[in-house]
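Each remark here refers to the structure printed beneath this line.
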Amino acid sequence: MSKNILHVAKLNKFIPPFVDFVADEMPAVFPNQQFFFLGNSTKYPYKDRTNISHYGKGLISYFFSIFALYCKMMRADRVVLHGLFDKRVIYCLFFQPWSLKKCYWVIWGKDLYTYQDPKKGSKWKRLEFFRRKVIRDLGFLITYVNGDVELARKWYGAKGKHLNCIMYTTNLFSEVVVPEKSNKKINIQIGNSADPSNNHFDILDMLEPYKDENIAIYAPLSYGNKKHAASVIEAGHNMFGDKFFPMLDFMPFEKYLAFLGDIDIAVFNHKRQQGMGNIISLLGMGKKVYFRSDVTSWEVLDSLGLNIYDVNSFSVDLLTDDERIANKKIIRENFSREKLADQLKVIFEG
């Protein structure tokens, strides 16, 4: 008998492509999927479907969404939580503890690492009281980063079963034709957003010894903290002049992939698991990627045999041909559409 699956998500760039993937690749189970969206549908549009309900801004919508979500959770056989950020979702789960065992929490990273939030004021403590009790009793934890599951168990006492899943289309291998370089300039990407967690300033300091080299530095800053973005732009121009290129406009996914195809080296200095879609895409294109070896995602990629580099060993040397070929093969095999469909079947039907 088919399961009635309820997906609960705050709209963002990952969710509409996920719905399309399930509709296209898993048509047999798609009619049994219900999608409950919160947030801005203008910024993150999706195809209008009969199995999608959406609640946007406004006080009336806010309270209606709580009632609707509570009822839908009651009726669903399984509930897939795409991140655990929204207070409404957390409160509904807290006051419906009998539903927690049928919930599948897709761990995004930020929803886990809020535990380390340096601004632990009274609001944070109040919400964490509810989150802790919810996370502890959730039935399933979904991520392909084993270290994040270990942290959920350590920090929140999470007892749920771990299911491995790459989950979103941004984590899939994309066969992008990378053009031959027409010059010797080395294009370097720093970070993936304007969030301060990218630690841009440390990266800029690390790159400063190479400012006289034939390089170009690209900083994606289209979303995140605008004040931080402005500070990064100022510092980048002061240190590297016209070799620094801030990217302020949001790009469609295909255009962004084309941009990644022109990158030679990428540097991610997050102190937690973040930017995995960027990292996977870049490795699959044969690019050299630096990030921190003390984050949970390092163990995952290193265990696959990928050629990855710690930020503390930075140089402007590129990957060898053998390293590029090996990385492409590994990414193609482990982050395919077929693999994602098989993993989702376990969640939907297992």
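The values are calculated or read from the model by the stated rules, or taken from the named source; none is laboratory data. The structure presented is a predicted model; accordingly, all values stated were derived computationally and were not measured. Please note: Cβ atoms are built from the backbone with ideal geometry, for glycine as well, and neighbour counts cover all protein chains shown.
Would you confirm, using the coordinates I've provided, whether I135 is modelled with pLDDT of 95 or more, under 30 Å from A258 (Cβ atoms) and not polar (S, T, N, Q)? In short, no. Among the residues of the stretch 206-228, those that are part of a helix (DSSP H, G or I) and either more than 15 Å from F291 (Cα to Cα) or among the hydroxyl-bearing types (S, T, Y) (or both) comprise E208, P209, Y210, K226, K227, H228. G109 falls short on exactly one of the conditions (1) buried (at least 20 other Cβ atoms within 10 Å of the Cβ); (2) at negative phi; (3) not basic (K, R), and that condition is (2). The one condition from (1) at pLDDT 95 or above; (2) under 25 Å from N312 (Cβ atoms); (3) in contact with a helix residue (DSSP H, G or I) (Cβ under 7 Å, 6 or more places away or on another chain) that Q274 does not meet is (1).
Condition check: of a type in the set (D, E, K, R), under 24 Å from A68 (Cα atoms) and within 21 Å of the chain's Cα centre (by Cα). Does D111 satisfy that? Reasoning before the result, please.
Working: of a type in the set (D, E, K, R): yes; under 24 Å from A68 (Cα atoms): yes; within 21 Å of the chain's Cα centre (by Cα): yes.
Yes, satisfied.
Residue-by-condition table, conditions (1) farther than 18 Å from Y91 by Cβ; (2) outside the structural domain of C92 (by TED's automatic domain parsing); (3) β-branched (V, I, T); (4) touching a Leu at 6+ places or on another chain (Cβ under 8 Å):
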site	(1), (2), (3), (4)
D20	yes, no, no, no
A23	yes, no, no, no
A28	yes, no, no, no
L38	no, no, no, yes
T42	yes, no, yes, no
T50	yes, no, yes, no
G58	yes, no, no, no
S61	no, no, no, no
F64	no, no, no, no
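Residues in the stretch 48-92 that are under 20 Å from F130 (Cβ atoms), at pLDDT below 90 and hydrophobic (A, V, I, L, M, F, W, C): F63 alone. Looking only at the stretch 36-47, decide whether some residue is within 19 Å of the chain's Cα centre (by Cα), at pLDDT below 95 and among the basic types (K, R). Yes - at least one qualifying residue is present in the stretch 36-47. If you go through the stretch 114-144 and keep only what is within 19 Å of the chain's Cα centre (by Cα) and farther than 24 Å from G350 by Cα, you end up with T114, Y115, Q116, D117. A count restricted to the stretch 240-271 and to residues that are closer than 12 Å to S222 by Cα and either touching an Asp or Glu at 6+ places or on another chain (Cβ under 9 Å) or among the aliphatic types (A, V, I, L, M) (or both) stands at 3. Of everything in the stretch 167-214 that is over 22 Å from the mean Cα position of the chain (by Cα) and among the β-branched types (V, I, T), the residue that is farthest from Q343 (Cα to Cα) is I186.
Here F173 passes the criteria (1) surrounded by 19 or more Cβ atoms within 10 Å (Cβ to Cβ); (2) touching an Asp or Glu at 6+ places or on another chain (Cβ under 9 Å); (3) at pLDDT 95 or above except the one numbered (3). Applying the set (1) crowded, with 18+ Cβ neighbours inside 10 Å; (2) out of contact with any helix residue (DSSP H, G or I) (no Cβ under 8 Å at 6 or more places or on another chain) to L319 leaves exactly one unmet item: (2). A Cβ distance below 7 Å, combined with a sequence gap of six or more or placement on separate chains, defines the contacts here; from the stretch 5-16, residues that are part of a helix (DSSP H, G or I) reach residues that are of a type in the set (A, V, I, L, M) in the pairs I15/A9.
Only one of D249, D317 is under 22 Å from P196 (Cα atoms) and more than 16 Å from the chain's Cα centre (by Cα); which? Testing whether each residue is under 22 Å from P196 (Cα atoms) and more than 16 Å from the chain's Cα centre (by Cα) leaves just D249.
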